[in-house]
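One structure is given here, and the rest of the page talks about it.
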């Protein structure tokens, strides 16, 4: 069930009034859980078995940890289970294909049968969320949740179930313990953010996708201008798509009385790659920081060790995104780029001497170059695109780039810049806010037809 | 990846999201009062804009109007057309609308030569000659390309907003029961005309396998006038695309460029007429007779939908006349012709039992059929002349006269 469909509207129309009336009773959590399972099961009821299993194991493991001195063993059980689920469902085909390729290269006449598994939507998100609870409990950062219903709701609460933000138990779980009444201001806040997210997805991401798809489907048919513009468009498409989803998720949760973490903060205004990762998919970045980078040693060791930890974390982040070499390459690109630019970014000359505009452009170009791996259909396509962009251009043929898309990107960039500038008070004027909201709703009404394109991050 | 550094943005902190921190990138926060005003503005726009910006079909001047082929799926035009016909009919005129598929629309003829145009012309000419005191009639062409009986039912239910005095002439084209595919009664999913006019939930065609979300969207779109209007605008001005799709098609243009305004104007002209078909008999063309896979009336989905439509019209006490056929008999094998006549007999009996007026014209000359069911211009004239001499027809029309 996608947020920008009438099916979801109908679901929410049934769910929300009942939720508001039972929220502060003993039926509040069960209703939320049942609704979340309906939401998730709408894709495929079989998914429910997996999420129930994953939830139950982590709930049970923490219970065992609580009573047993062998806490590390139980933590290992949870990690193996969660990572095992991920590997089985997400990476099995990728691993099998590569194994078969290796066997073929070695001349061994055997082929491992390809597993026929369905990739459950949002598996990477809910396993990470569930896993963070057991790790945090092991570390003593969070108290044990004694109610299975509350824990299951924490894992599966529908606004953020399939694409985050990946919530930590210490942030979200306590919110289930104090279900207070929801003031109008929260509902208004939530609705504002929801509409903004809806606009980002339906009006911006889906429109840009048309140009990106037209170029990336057959990159060999295009020359540098089209390839560059399509890559820039993809950078904004994925931002609109994912931050749009996050806004809708946070808006809905807000209307339901919960606060979810911010996931994006003007990432294309970042002045360094480190800054970019503090602004892009923040809940995942901080997850990897807390559960991978820091356990590896973080920046406490030598410079080489720090760089190694950083690079490894980024590489794992790439693999987390998808079971393909292009995602590994995307992670590796960021790892190398971060290692190469970290020293420069922390230098006084870069910080104070280079104009912010230049730094932002530099980071944007780097990020765009990395997105090529992320979006390309295959390794070969990615290479075609890189070659097309960097090869000497013989013909600057018309890229048939819609100027309206360029205007849209500049408009949003300008809006973000304004939000971070001293002129931001203009955006807070009631008349500006009201007219912007009316303009968004009018645009959605007039110019956006039926388009149920799924979110990019659902595949992860 | 993020390092252990103080985070410069308060928004990046996972914990304790205050109201000030809550709004992420590019969000516009509205208070409850702000939302009240915004929604009021939107409701006003949803209500007023479609009323203010409705295409004027100029029916007072062009009495032989029909929905242009390229706008066949713009049902908002159909709705406007229905609303404007009552006003355009004028005093002392019997106002009728003729509904059906492309046989009524006039697939091979100009809009002045269609069945409804000929009926209007011949009846009015005859009454001026024989009985000038009788009121004139105005039969509006509400034919819609590809409108099978199921679509016709949806069209009338959702968009047929006529005055209660307006009478309906429904054409039942037996073509729609000449195969299970046309009857929409096969289980194999298949595309068909006007799915948006078919029932989306209960009673939907077996071939219609669209997912729940899509069907829900269609059902809401057909009922919410402001959504239907916006969809119509996109069909007329953005070539059926949303904004993104349109700018992809026209990367350097804006919709108000004169070239596109001209394109929109062109949509209103008759498009989709099949031209160049000459009046040659089917025997002379040497086309062999065909076998048809008739669907029994008791099992026919299209017929069941047509009957439901008639029941609904009876419930509304809408005066209705049903015209049956005629299909082109010159393409049918003998056995099929017998089957065809048997089916029409059965239809006639059923309608008579329901006290619904029906008229079954005779087949026209072989050379006047352009294909299985569409007459050429002279064919429509012959059919209209037949009507004039038909007692059923005359009784039905004159019953309107007080």
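Only the coordinates and a few stated rules stand behind these numbers; no lab work does. Not measured: the values here are computed from a predicted model. All Cβ positions, even for glycine, are placed from backbone atoms using ideal geometry, and neighbour counts span all protein chains on display.
For this structure, a couple of remarks:
- Restricting attention to chain B, close to 5% of DSSP beta bridges with both partner residues there are antiparallel.
- Over the residues of chain A, the helix contribution to mean residue ellipticity at 222 nm works out to -21500 deg cm²/dmol, using -39500 (n - 2.57) for each DSSP H run of at least 4.
- Rounded tilt (10° steps) of B:301-315 against the dominant C-alpha axis of chain B: 90
- Order of B:354, B:51, A:359 under a 10 Å beta carbon neighbour criterion, fewest first: B:51, B:354, A:359
- Dividing the mean sequence gap of close Cα pairs (under 8 Å, 6+ apart) by how many residues chain A holds gives a relative contact order of 18 percent.
- Applying 1/(1 + (r/R0)^6) with r as the Cβ-Cβ distance of residue B:133 and residue B:315 and R0 = 35 angstrom yields a FRET efficiency of 0.55.
- In angstrom, the C-alpha Rg and Dmax of chain A are 23.0, 72.
- Ranking of B:86, B:257 by count of other Cβ atoms within 10 Å, fewest first: B:257, B:86
- Over the Cα atoms of the protein assembly as shown, the radius of gyration divided by the Kirkwood radius equals 1.05; this is the Rg/Rh ratio.
- Additional length obtainable on full extension of the chain from residue A:300 to residue A:16, 0.36 nm per residue less Cα span: 97.4 nm
- P(r) tail fraction, chain B - alpha-carbon pairs more than 41 Å apart, %: 25
- Summarising the overall dimensions of segment A:30-189 from its C-alpha atoms, the Rg and Dmax are 18.8, 68 angstrom.
- Peptide A:180-188 - average C-beta neighbours from other chains (10 Å radius): 3
- Subtracting the Cα-Cα distance of residue A:356 and residue A:403 from 0.36 nm times their residue separation leaves 14.3 nm of extension gain.
- Note on residue A:88 and residue A:423: the extension gain reaches 115.5 nm, defined as 0.36 nm multiplied by sequence separation minus the Cα-Cα distance.
- Helix B:334-353 axis, angle to chain B major axis (alpha carbon atoms, nearest 10°): 80
- Cα-based radius of gyration of segment A:185-459 once divided by 2.2 N^0.38 Å, which approximates compact folds: 1.05
- B:188, B:378, A:200 arranged by Cβ crowding within 10 Å, fewest neighbours leading: B:188, B:378, A:200
- Inter-label distance, nm, simple model (7 Å from Cα along the C-beta direction), residue B:190/residue A:378: 3.7
- For chain B, the mean residue ellipticity at 222 nm estimated from helices alone is -13000 deg cm²/dmol, where every DSSP H run of n ≥ 4 contributes -39500 (n - 2.57) and the total is divided by all residues, rounded to the nearest 500.
- Relative contact order, percent, segment B:69-398 [alpha-carbon distance under 8 Å, six or more residues apart]: 24
- Calculated FRET value between residue A:25 and residue B:91, using beta carbons and R₀ = 60 Å, to 0.05: 0.40
- Working ranking of peptides B:311-323, A:121-133 by packing, defined as the average number of other Cβ atoms within 10 Å per residue, highest first, is A:121-133, B:311-323.
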